[in-house]
Amino acid sequence: QVQLVESGGGLVQAGDSLRLSCTASGGTFTWYTVGWFRQAPGKEREFVAGIGRSSGITGYADSVKGRFTISRDNAKSTVYLQMNSLKPEDTAVYYCAARTMQLYTFEAKGYNYWGQGTQVSVSS
């Protein structure tokens, strides 16, 4: 069973960048596809980005396309979310999630394992 730990969140200004990391332990990392989700206060958890078992297949929510980039380093058992041109509406707790399927999914219920989340706050 894999354990996931997110890091890299913080308080930044609009237009700044952050890189989130999701590091896995306790499992064979290459078996898992990974998704990033976020949840703002009073809102549903929403899909942000996903990556397949290799780095070749990625997908993004329309709201972050062109600004965020997901990548993975299987040797380090880590998935990254590079976030550029941050906006106040990106403020949320960001979670990474993993599943033992070849492809990621947009649906949170499709993931078996979740990290504890990291807070990202963007001021205007």
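What percent antiparallel are the DSSP beta bridges of the chain, to the nearest 5?
Working: 37 of 41 bridges.
Within the chain, antiparallel bridges account for around 90 percent of the total.
Carbon and sulfur: what percent of the chain's accessible surface (1.4 Å probe)?
Looking at the chain in its full context, I get 47 percent from C and S.
Can you work out ³J(HN,Hα) from phi for every residue in segment 63-71, in order, using Karplus 6.51 cos²θ - 1.76 cosθ + 1.60 and θ = phi - 60°, giving whole Hz and x for Gly and Pro?
Residue by residue, segment 63-71 yields 5, 10, 4, x, 10, 10, 9, 9, 8 Hz.
Pick out which of V48, V64, V79 has the largest mean-square fluctuation in a Gaussian network model of the chain, springs linking Cα atoms closer than 10 Å.
Fluctuation is largest for V64.
Whole number in Å², please: accessible area per residue of the chain, 1.4 Å probe, ligands, DNA and RNA not counted.
Computed with neighbouring chains in place, this is 50 Å² per residue.
Let me check I've understood the local charge: for L86, count other residues with C-beta under 11 angstrom from its C-beta, Lys and Arg +1, Asp and Glu -1. What total comes out?
Around L86, the charge tally is -1.
Any idea what the alpha-carbon Rg over 2.2 N^0.38 Å comes to for segment 1-101? Could you put the intermediate results ahead of the total?
Numbers: Rg = 13.1 Å, N = 101, 2.2 N^0.38 = 12.7 Å.
Dividing the Cα radius of gyration by 2.2 N^0.38 Å gives 1.03.
Which ³J(HN,Hα) values, rounded to whole Hz and listed in residue order, are derived for segment 81-90 from phi using the Karplus coefficients 6.51, -1.76 and 1.60 in 6.51 cos²θ - 1.76 cosθ + 1.60 with θ = phi - 60°, glycine and proline given as x?
Ordered by residue, 3J(HN,Hα) equals 10, 7, 10, 10, 6, 5, 10, x, 6, 7 Hz.
Across the chain, how many lysine pairs, 8 or more positions apart or on different chains, have C-alpha atoms separated by under 23 Å? Please give the number.
Working: K43/K65; K43/K87; K43/K109; K65/K87; K65/K109.
Close lysine pairs found across the chain: 5.
Relative contact order (percent) for segment 22-120, with alpha-carbon contacts under 8 angstrom and 6 or more residues of separation?
34
The values are calculated or read from the model by the stated rules, or taken from the named source; none is laboratory data. Since the model is a prediction, treat every value here as computed from it, not as a measurement. As a convention, Cβ positions derive from the backbone with ideal geometry for all residues, glycine included, and neighbour counts pool all protein chains shown. What goes into the accessible areas is simple: the full protein's heavy atoms, side chains included, and nothing from ligands, DNA or RNA. Shrake-Rupley method; radii C 1.70, N 1.55, O 1.52, S 1.80 Å.
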